[in-house]
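Any read-out appearing in this document is the output of simple, stated calculations on the displayed coordinates, not a laboratory observation. Source: prediction; values computed, not measured. Glycine gets a Cβ as well: all are built from the backbone with ideal geometry, and neighbour counts include every protein chain shown.
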Amino acid sequence: MNKNILIQTVNKYCAHNYHPLDVVLSRGHGIWVYDTSGKKYMDFLSAYSALNQGHTHEKIIRAIKKQLNKITLTSRAFYNNQLGLFAKDLCKLTSFEMALPMNTGAEAVETAIKVARKWGYYKKGVKGGKAEIIVCQNNFHGRTISIISFSTEKQYRDGFGPYTKGFRIIKFNNLKAIKEAIGPNTVAVLLEPIQAEGGIIIPDKGYLTGVANICRKNNVLFMLDEIQTGLGRTGKLFAYEHDYNAKPDLLVVGKALGGGFYPVSAVLASRSIFEVITPGDHGSTFGGNPLGSAIARASLRVIVKENLVERSAELGRYFLSKLKTLQSKWIKEIRGKGLLIGIELHKEAGGARRFCEALMTEFLLCKETHEDVIRFAPPLIIKKGEIDSAFKIIKKVLENPNL
Ligand SMILES: *Cc1c(COP(=O)(O)O)cnc(C)c1O
């Protein structure tokens, strides 16, 4: 079918909650995607880091096909023979004791919030209904009512009230703000180790360790949302590892856990924290299903076997150093960790979107985040030569005096 008809069909039958670039994709492999006329693009968004392993990875396809012929869904009313293996692999890889499987990222964040609140009432002794969770300005944790209740992004909130109570919003990258905000009813601090949607905002070294220490001292749970930054994206398995000693009490993972095939998310924590969750407290029809579990196991295996964490660190460093040589009047700052890189443009540039559109016409797909930041987050399987090709395109577009 013709591209314009396909776009019109989406716009006619699908609610307009996105404003996509003008390209219709029908095929993908590795870092490459193809539009309906067969034109080939580099994918430098990776579905917001859900495609760290690249598109249609053969090893993951093989695991899916194997599982498809056996059993795909049991519900948690019964045991299945994949969930335990998945949870074990995930716990071993991340050095956590237990996992609680969900599907989407937002669901896993909601789960972490529920666990923290119940821990607060049953273990910390906070009075019923009083639990408070500290979050940061400029956060992104998903789109449910409770999560947008503590967003500071006007568009994410406006028109969606009434909001969920029990959240206190403070400045990011500011330890004093956390110390001041903690009170007797504080059960948790929830933050992203790098604010990705917020514009690739990287806190000072020592900040996360400081938060972890403050939390420990005050008997408050430290919760990190690594749905986007985790599983190799920033050049470490988890972004908190860039800091000194910042292992959280609860870690939320998603996106690349499903290898780009399937929504799989999880909350990781210690046995003593998960003790507060008893049968019937929380659940999900699809969470922990055998197909998703098999996919997640294969997705993790690819990250380990193909050294995607090390690749991300090495190629990220290489890509960032190249980007820093760009001579463009529009560029305000270039920052990143591993293969999560943002180019912040000056206000006079008129927003990042027109640059993303120009990059698309040169066959490189990426998306603006926060108006003025172009985010580059290619699949971690990318090769050095492909980074060189991408850089040529980026240079051509950003250094174009007429743009
Ligand atoms: C994408 C994302 C989420 C939400 O995940 P969904 O699967 O879209 O619900 C939450 N937190 C962070 C940091 C994310 O990047």
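A compact table of results
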read-out: Residue-count net charge about L175 - beta-carbon cut-off 15 Å; Lys, Arg +1, Asp, Glu -1; value: +3
read-out: Max mean-square fluctuation residue, GNM over the chain, Cα-Cα springs under 10 Å, options F78, F140, F286; value: F78
read-out: Nonlocal amide H pairs with M98, under 5 Å, H built at 1.01 Å; value: A269, R271
read-out: Nitroxide proxy distance, nm - points 7 Å out along Cα→Cβ at Y163 and T9; value: 4.0 nm
read-out: Of the GluC sites (Glu not before Pro) in region 39-115, those whose Cβ has at most 10 other Cβ within 10 Å and which sit in DSSP loop; value: none
read-out: Neighbour net charge for D22 - beta-carbon separation under 15 angstrom, K R +1, D E -1; value: +1
read-out: Relative packing of peptides 252-263, 181-192 - highest average C-beta neighbours within 10 Å first; value: 252-263, 181-192
read-out: Centre separation in Å (Cα based) which lies between region 72-99 and region 325-373; value: 39 Å
read-out: For region 129-153 and region 1-30, distance of Cα centres in Å; value: 31 Å
read-out: Least to most buried among L231, L6 (fewest other Cβ within 10 Å first); value: L6, L231
read-out: Order of C356, C91, C366 - criterion: other Cβ atoms within 10 Å of each residue's Cβ, fewest first; value: C91, C356, C366
read-out: P(r) histogram, all alpha-carbon pairs of the chain included - 20 Å bins from 0, percent; value: 27, 58, 15, 0
read-out: Rounded to 10°, Cα long-axis angle of helix 105-119 versus longest principal axis of the chain; value: 20 degrees
read-out: Filter on K179/K217; K332/K395; K124/K205; K123/K171; K70/K305; K92/K247 - keep pairs with C-alpha separation over 18 Å; value: K124/K205; K123/K171; K70/K305
read-out: Length released on extending from S270 to R76, taking residue separation times 0.36 nm less the Cα-Cα span; value: 67.7 nm
read-out: Spin-label zone in region 316-353 - amide nitrogen under 17 Å from a point set 7 Å from the Cα of E399 along the C-beta vector; value: 319-332, 334
read-out: Between 0 and 90°, nearest 10: helix 207-217 axis offset from the chain longest Cα axis; value: 10 degrees
read-out: Relative contact order %, the chain, counting alpha carbon pairs below 8 Å whose residues are six or more apart; value: 22 percent
read-out: Ranking of S151, S293 by count of other Cβ atoms within 10 Å, fewest first; value: S151, S293
read-out: Hits among lysines - C-alpha to C-alpha of K39 under 17 Å, sequence gap 8 or more where chains match; value: K3
